1. When you go through Leu99, Leu149, Leu137, Leu124 one by one, which is the residue that is over 24 Å from Ser58 (Cβ atoms) and surrounded by 14 or more Cβ atoms within 10 Å (Cβ to Cβ)?
2. If you go through region 171-182 one residue at a time, do you hit one that is of a type in the set (D, E, K, R), open to solvent by less than 30 Å² (accessible area, probe 1.4 Å) and within 22 Å of Gly31 (Cα to Cα)?
3. Kindly check whether there is at least one residue in region 141-159 that is among the small types (Gly, Ala, Ser), modelled with pLDDT of 90 or more and within 20 Å of Ala30 (Cβ to Cβ).
4. Does any residue in region 31-53 that is under 18 Å from Trp88 (Cα atoms) and open to solvent by 50 Å² or more (accessible area, probe 1.4 Å) come within less than 8 Å, Cβ to Cβ, of a residue that is among the polar types (S, T, N, Q) and at pLDDT 95 or above six or more places away or on a different chain, and which pairs are these?
5. Can you pull out the residues in region 79-116 that are part of a helix (DSSP H, G or I) and at pLDDT below 95?
6. Within region 183-198, count every residue that is in contact (Cβ under 8 Å) with a residue 12 or more places away in the chain and open to solvent by 80 Å² or more (accessible area, probe 1.4 Å).
7. Where the second residue is in a loop (DSSP other than H, G, I, E, B) and not aromatic (Phe, Trp, Tyr) and the first is farther than 24 Å from Arg54 by Cα and lies in region 108-127, which pairs have Cβ atoms under 6 Å and are six or more apart or on separate chains?
8. With Ala166, Ala194 as the choices, which residue is part of a helix (DSSP H, G or I) and under 30 Å from Pro39 (Cβ atoms)?
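The values are calculated or read from the model by the stated rules, or taken from the named source; none is laboratory data. Owing to the predicted nature of the structure, the values given are computational and were not obtained by experimental measurement. Here the Cβ is made from the backbone with ideal geometry for all residues, glycine too, and neighbour counts use every protein chain on show. With ligands, DNA and RNA removed, areas are computed over all heavy atoms of the protein, side chains included. Shrake-Rupley method; radii C 1.70, N 1.55, O 1.52, S 1.80 Å.
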Amino acid sequence: MGQPASQIALPLPPAREGEPASIVIGNANAGVVDALRDPSRWPFRTAILRGPERSGKSLLGRWFEQAGLGETIDAADAMDETALFHRWNRAQEQGTPLLLIPDAAPWEITLPDLRSRLGAALALEIGAPDDEMMRDLLASHAERRGLVLGEEALTYVIPRMTRSFAAAERFVAAVDRLALERQSRPTRNLCRDALESLDGPAQARLL
């Protein structure tokens, strides 16, 4: 199965087993990627990246840093605020763009100096994927598992499933499990059963 046309290749191999070697780009994150490519336009060379579960924030942060575009601090909200303030100051002194990725939403910052500095940062937000991006996400997850989701299966599934990064990942995992159990390829019927196993029989009745 070929790589979906809207993926970009990361300039590094996957750091952990099972991670993708490319990022799916679509309506939900194209603006974020464009902003990451040009950190010279960020206020105070600082940006804060937020997004839904499994939307690739950490992977984008890795790509940003490994591409030599700047420094990434993942789980920034878990870091000691004084230490983070010193990191911000050091980045300013060195002229290094700083990408912060918090886990929590909202990010409650108690240190006044840090709160005022980060309040001026560029806010980047990954949104919800549309149908076209869901198609590419499903194809990407399937490819990593050695599955082929045909056009009939994708056409059936996409209007019936939740539009989210996490849902795409869960669905392909369910398809993989059922395909192994049944020793079958991912047919439309198998995909219907995978949806039903995740979201209940109401999904399967939307024919």
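1. One residue alone meets the criteria, Leu149.
2. No; the residues of region 171-182 include none that is of a type in the set (D, E, K, R), open to solvent by less than 30 Å² (accessible area, probe 1.4 Å) and within 22 Å of Gly31 (Cα to Cα).
3. Looking for residues that are among the small types (Gly, Ala, Ser), modelled with pLDDT of 90 or more and within 20 Å of Ala30 (Cβ to Cβ), one finds none in region 141-159, hence no.
4. From region 31-53, the pairs are Phe44/Gln92; Arg45/Gln92; Arg45/Thr96.
5. none
6. Counting residues in region 183-198 that are in contact (Cβ under 8 Å) with a residue 12 or more places away in the chain and open to solvent by 80 Å² or more (accessible area, probe 1.4 Å) gives 2.
7. As it stands, the answer is Arg115/Ile109, since those pairs meet every condition given.
8. One residue alone meets the criteria, Ala166.
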